[in-house]
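Okay, so here's the structure we're looking at.
The values are calculated or read from the model by the stated rules, or taken from the named source; none is laboratory data. Being a predicted model, the structure only gives us computed values, none of them experimental. Backbone-built Cβ (ideal geometry, glycine too); neighbour counts: all protein chains shown. Just so you know, the surface numbers come from the protein's heavy atoms only, side chains and all, with ligands and any DNA or RNA stripped out. Shrake-Rupley method; radii C 1.70, N 1.55, O 1.52, S 1.80 Å.
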Amino acid sequence: MEENKNVAIKAEKDHTTAVESAYDYLEHFDILETITNVGNDEVFTPRKTCNMILNSLPEEVWHNPNYKWLNPATKNGIFEREIALRLDKGLKDVIPDQETRRKHILQNMIFAIGQTKFTSNVARRTLYYCSQANRKCDGIRAEDGHFVNGFAIGNGTWFDDEEGNIKTPRTEHSFDMKGKCKFCGISSNSEYNSADQREHYAYEFIHYDKDNLLRHLQDLFFKGDRNMKFDVIIGNPPYQLSTNDSGIQAAPIYQKFVLNAIALEPRYISMIIPSRWFTGGIGLDEFRTSFLNDMHIKLLHDFPKSRDCFPTVDIAGGVCYFLWDSTYNGNTKVISQTGDKTTIRVRKMNDFDIFVRDNIGVDIITKVSKKSIDFLNNFVYSISPFNLPTNTRGEEQPFSGSVKLISSKGESYIDAKEIKKGKELISRYKVTIGQLNPDRGGVNNALDGKSNVTTKIKIYGPGEVFTATYLLLGAFDTLHEAKFFESFIKTKFVRYLIFSTLSSMHITKDNFRFVPLMKFDHAYSDAELNSYFELNGEEIDLINSLIREMN
């Protein structure tokens, strides 16, 4: 009998546990988490990430009923919803009546522009319960009693039109004489500009110059009131757009959202963007310089692995979010986070001409800089030293006057007379790596958290040339010198210094800006370099934790 009683108790506990688990799931279920990304430039923000960004804002924002909030490119309405929930709680003492408080929040505080027509509807559905902000209940019920047709919050009486404060984008691209949009750079032949394309991706927030943007927003949201402005600008802007008709080339555009937000002179800005700007690139160098020297950046939270923010999305170089505070003027609190590992330091953003994301890495690079006269970026060759495109191919067999050609497809032979550039290099020993970063900007090193940084190092001898697939690190008269140089590049120490400059999938001579130029008269080891540059245990441990051994 006792045994049966225990079985019954166990069954009851199991049943209760299952019920509670189901209830807990339903209680915390969020439909927005089930919506996948629409495209490469439409990365939906998970609720956890959204709240992490909102947590960066000071507490006072949740208690100020006069602030105007703007998301300049909303996707699923997650930011608007979470802001509304926090304001509903934070303004209880200011506006005690719940109905009055919520109406004030939605009518007078939260504003957004849809990234597309589709996302505008999704965001309104999230915030207003209905894609039509002024939709009233029509009274039609199903047999089980529920209303068949949805209706908006406040029974559609809080807004005069169906968009409310979440506006559908209407701006078009503005093409110059060369057929390029002067705001985002896409081609007039782009699929974005096709008459058959429902969405043109002419993002409203960046398709006005800085002088006219505020006037446009005042017309859009405040019926032309020239005294109105936004206090908090927040969100996850689109990252890039294809700029040609083939869709192969893509240009970053997130920096345009940041710069236009700053131009509006709000109280706070917080956005999550790719970290690729740390080292620059096409369209990002000017932004990087400006941002690194902006003393209003109070917080920068960096995620080298994008999946720490977006669990299903790989973004080469990772992502970061920042807090820009118009009243702050000082050093930046830099948080670097990979998984459960976090480092925090308050430091200058502009210690170097690029942003070094690792806090301990700043100390390593500073030590190297103090003991170095020159750096390897002045030694490494520019792209394609022989001016041979990556698709160059030769004959299968050698012939009179030929040289061996190395390409991604293997070995072939071309006439030495075809080499118009870099002829003086043909007779030398050439140390090379592939131009592509094998870790794909941190995407491929998820298993152990370590990076290779470069492809295998290859030494090509006299009579051998290669295509632009490879980067020439150095050319030497003897094989001994080439091998000494190879041993130097293979060290974790050197590859860490390269790693600290990487935020994309390609390696160029600029990525060697922190690597010291040494005498290559003997084989190098990590122990020798660590000792010479006086690295401490913490710094050595950091390098070993990030960089794989190269056998």
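Quarter the surface of the alpha carbon convex hull of the range 231-310 and you get the mean projected area, 6.1 square nanometres.
Just the projected area, averaged over all directions, of the convex hull on the alpha carbon atoms of the range 260-344: how many nm²?
Numbers: hull surface 23.7 nm².
Average of the hull's projected areas for the range 260-344 equals 5.9 nm².
Beta bridges per DSSP, both residues in the chain: antiparallel share near 70 percent.
Could you tell me whether the range 386-436 comes out rounded, prolate or oblate from its Cα gyration tensor? Rule is a ≥ b ≥ c as square roots of the eigenvalues, rounded for a/c under 1.5, then prolate if a/b exceeds b/c, otherwise oblate. Oblate, because a/c is 1.5 or more while a/b does not exceed b/c.
Return an integer: the convex hull volume of the alpha-carbon atoms of the range 175-317, in Å³ per residue. All intermediate terms of the calculation are to be shown ahead of the outcome.
Details: hull volume 21.5 nm³, N = 143.
It is 150 Å³ per residue.
Calculate what fraction, in whole %, of the accessible area of the chain sits on carbon and sulfur atoms when a 1.4 Å probe is rolled over the protein chains.
Values: 13220 of 26710 Å².
Answer for the chain is 49 percent, counting heavy atoms of protein chains only.
Report, please, the projected area of the range 495-535 averaged over directions, based on the convex hull of its C-alpha atoms, in nm². Can you show the working numbers first?
Details: hull surface 14.0 nm².
Orientation-averaged projected area of the Cα hull: 3.5 nm².
As an equivalent ellipsoid, the range 287-429 spans semi-axes of 46, 20, 14 angstrom, where each value is the square root of five times an eigenvalue of the C-alpha gyration tensor, largest first.
Taken over the alpha carbons of the range 167-237 as equal point scatterers, the Debye sum produces base-10 log I(q)/I(0) values at 0.15, 0.17, 0.19, 0.21 Å⁻¹ of -0.59, -0.73, -0.86, -0.97.
Arranged from highest to lowest average of other beta-carbon atoms within 10 Å per residue, in what order do the peptides 422-433, 205-216, 263-274 appear? Write down the numbers at each step before the final one.
Numbers: 422-433: 18.5, 205-216: 15.8, 263-274: 20.3.
Descending packing order for the listed peptides: 263-274, 422-433, 205-216.
Computed over the alpha-carbon atoms, the range 60-137 gives an Rg to Rh ratio of 0.98, Rh here being the Kirkwood radius from the mean inverse distance. Starting from a Cα-only point model with no solvent, please compute log10 I(q)/I(0) by Debye for the range 249-295 at q = 0.15, 0.18, 0.23, 0.32 1/Å. Debye output, listed in q order: -0.38, -0.55, -0.88, -1.43. Accessible area per residue for the range 152-203, computed on protein heavy atoms with a 1.4 Å probe, is 54 Å².
Place the peptides 508-520, 391-403, 229-241 in order of packing, highest mean first, counting for every residue the other Cβ atoms within 10 Å and averaging per peptide.
Working: 508-520: 18.8, 391-403: 13.2, 229-241: 22.8.
Top of the packing list down: 229-241, 508-520, 391-403.
Take the Cα gyration tensor of the range 59-190, multiply each eigenvalue by 5, square-root it, and list the three semi-axes largest first, rounded to whole angstrom. Mind dumping the intermediate values first?
Working: eigenvalues 209, 99, 23 Å².
Square roots of five times the eigenvalues give 32, 22, 11 Å.
Cross-link partners of Lys519 among aspartates and glutamates, defined as those whose alpha carbon lies under 19 angstrom from its own and excluding same-chain residues fewer than eight positions apart: Asp374, Asp477, Glu481, Glu486, Glu528, Glu534.
Solvent-accessible area per residue for the range 288-403 at a 1.4 Å probe radius, Å²?
Details: 5470 Å² over 116 residues.
Dividing the accessible area of the range 288-403 by its residue count gives 47 Å².
The GluC sites (Glu not before Pro) of the range 169-272 that meet both conditions, a loop assignment by DSSP and at most 16 other Cβ atoms within 10 Å of the site Cβ, are Glu172, Glu199. Here the label points at Ser545 and Leu220, each 7 Å from Cα along the C-beta direction, are separated by 4.3 nm in the simple model.
Taking the centroid of alpha carbons for each part, the range 517-551 and the range 258-328 are 31 Å apart.
Computed log10 I(q)/I(0) for the chain at 0.10 Å⁻¹: -0.94, from the Debye equation with unit scatterers placed on every C-alpha and solvent omitted. For Ser402, the amide hydrogen comes within under 5 Å of the amide hydrogens of Ala416, counting only partners 5 or more places away or on other chains and with H modelled in the peptide plane. With helices as the sole contributors, the chain gives -8500 deg cm²/dmol at 222 nm; each DSSP H run of n ≥ 4 counts as -39500 (n - 2.57), and the sum is divided by every residue. Cα extents for the range 196-237 along the principal axes, largest to smallest and rounded to whole angstrom: 39, 22, 17.
Its Kirkwood hydrodynamic radius, worked out from the mean inverse distance over all distinct Cα pairs, puts the range 434-551 at 15.1 Å.
For the range 330-389, which semi-axes, largest first and in whole Å, follow from the square roots of 5 times the eigenvalues of its Cα gyration tensor?
On the way: eigenvalues 186, 55, 25 Å².
Value: 30, 17, 11 Å, ordered largest first.
Cα-Cα pairs above 14 Å in the range 277-323: how many percent?
Values: 616 of 1081 pairs.
Pairs farther apart than 14 Å: 57 percent.
What is the Rg over Rh value, at two decimals, for the range 104-158, using alpha-carbon atoms and the Kirkwood definition of Rh? It would help to have the intermediate numbers written out before the result.
Numbers: Rg = 12.7 Å, Rh = 12.1 Å.
With Rg and the Kirkwood Rh in hand, the quotient comes to 1.05.
Near the amide H of Ser451, within less than 5 Å, lie the amide hydrogens of Ile547, Arg548, all on another chain or at least 5 residues away, with H placed in the peptide plane.
Checking a compactness column here: for the range 346-501, what do you get for Rg(Cα) / (2.2 N^0.38 Å), N being the number of residues? Walk me through the intermediate numbers first.
On the way: Rg = 18.1 Å, N = 156, 2.2 N^0.38 = 15.0 Å.
Relative to the rule-of-thumb radius for its length, the range 346-501 sits at 1.21.
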